[in-house]
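*Asks:* Questions regarding the structure given below will be posed in turn.
The values are calculated or read from the model by the stated rules, or taken from the named source; none is laboratory data. This one's a predicted model, so the numbers in the text were calculated from it and none came from an experiment. Because the Cβ atoms are built from the backbone with ideal geometry, glycine has one as well, and the counts that use them run over all protein chains shown.
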């Protein structure tokens, strides 16, 4: 079994700093108020997994959650 990585935005925590979007625009989009949401519910492509973790690490509100499932 391979590893699956998903990025989730905890919208109740997001304050619109947009660091996640600046670091991973392929994975995060901004709404009309500047708050983040996932660009897709699909698993993160392997070549973008690093960006998902960087976005998570740089969110000052801890509103980005990266979930890893399976074995890698």
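*Asks:* For the subset of the stretch 1-11 comprising residues that are in a loop (DSSP other than H, G, I, E, B) and touching a residue at least 60 places away in the same chain (Cβ under 8 Å), which member is surrounded by the most Cβ atoms within 10 Å (Cβ to Cβ)?
*Replies:* Selected residue: 3.
*Asks:* What tally of residues in the stretch 52-72 results from selecting those that are assigned to a strand (DSSP E or B) and modelled with pLDDT of 95 or more?
*Replies:* Here the count works out to 5.
*Asks:* Could we say that residue 14 is free of Cβ contacts under 8 Å to residues at least 60 places away in the same chain, farther than 15 Å from residue 53 by Cβ and not in a strand (DSSP E or B) here?
*Replies:* Taking the combined requirement at face value, the residue satisfies it.
Condition check ((1) in contact with a helix residue (DSSP H, G or I) (Cβ under 9 Å, 6 or more places away or on another chain); (2) farther than 25 Å from residue 2 by Cβ; (3) exposed (fewer than 13 other Cβ atoms within 10 Å of the Cβ); (4) without any contact (Cβ under 8 Å) to a residue 40 or more places away in the chain) across all residues:
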| position | (1), (2), (3), (4) |
| --- | --- |
| 18 | no, yes, no, yes |
| 24 | yes, no, no, yes |
| 30 | yes, yes, no, yes |
| 33 | no, yes, yes, yes |
| 41 | no, no, yes, yes |
| 44 | yes, no, no, yes |
| 58 | yes, yes, no, yes |
| 62 | yes, yes, yes, no |
| 65 | yes, no, no, no |
